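Okay, so here's the structure we're looking at.
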Amino acid sequence: MGRLRRLFGDPLPEEFAGTLAPGENALAAAEVAGGGHLVVTELGLWLPQGRRIGWHLISKAVWRDGGLTVVEAEEAGSAGAAVLLADREPVRFSLPRPGKVPLMVRQRVDGSIRGRHRHELPGGGVWFVQRKLPGQDGSVLQARPDPGVDSEVVAAMAREAAERLAPPPV
């Protein structure tokens, strides 16, 4: 199987730690210094430990000085049809031979965004982002407040925004 992948260009490393979903394809891969690989697919970014982050849950990805720093968001709750997010700590992956991975991560993260708006509040602000869910039709409204911003205010704003963005009943 390894020879066929190399012959036909499948970038999935033989020692890949995850299990791709049916129909999911590896688009690019890069070895991480210290072990493992980052693998880009249509559905998300696979980390060396074999866990995929969906494109809609990557708040930020920065390529600098031979490393890709990824900020993953986790769903902290919901407000009507909107999803409330909180950022995890940034994780940096050193990539000695990055290939297409940094460019494809940027393209996929940017491509998942349908619209965004920043609203300033006392103590910080909140990003409202409409994002496409990988492998699904439609989009979701996400609200990602800065640390210290009143979560109840953000939830109320997100709920109202989601109602305004919802398609009219048929």
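Normalized C-alpha radius of gyration of the chain, against 2.2 N^0.38 Å?
1.15
Using label points projected 7 Å from each Cα along Cα→Cβ, tell me how many nm separate ARG64 and GLU160, to one decimal.
The answer from the label model is 3.6 nm.
In Å, the Kirkwood hydrodynamic radius of region 77-150 over pairs of distinct alpha carbons?
Answer for region 77-150: a Kirkwood hydrodynamic radius of 14.3 Å.
Among HIS119, HIS37, HIS56, whose mean-square fluctuation peaks in a Gaussian network model of the chain (Cα, cutoff 10 Å)?
For the chain, modelled as a Gaussian network with Cα springs under 10 Å, the answer is HIS119.
For the pair ARG114 and ARG88, how long in nm is the line joining their label points, each one 7 Å along Cα→Cβ?
About 2.6 nm separates the two model spin labels.
Once both labels are modelled 7 Å past Cα along the beta-carbon direction, what's the GLU15-GLU75 spacing in nm?
It works out to 3.4 nm between the two label points.
FYI, it's all coordinate maths here, none of it is from the lab. Predicted model, so just to flag it, every value in this text is computed and none were measured. Glycine gets a Cβ as well: all are built from the backbone with ideal geometry, and neighbour counts include every protein chain shown.
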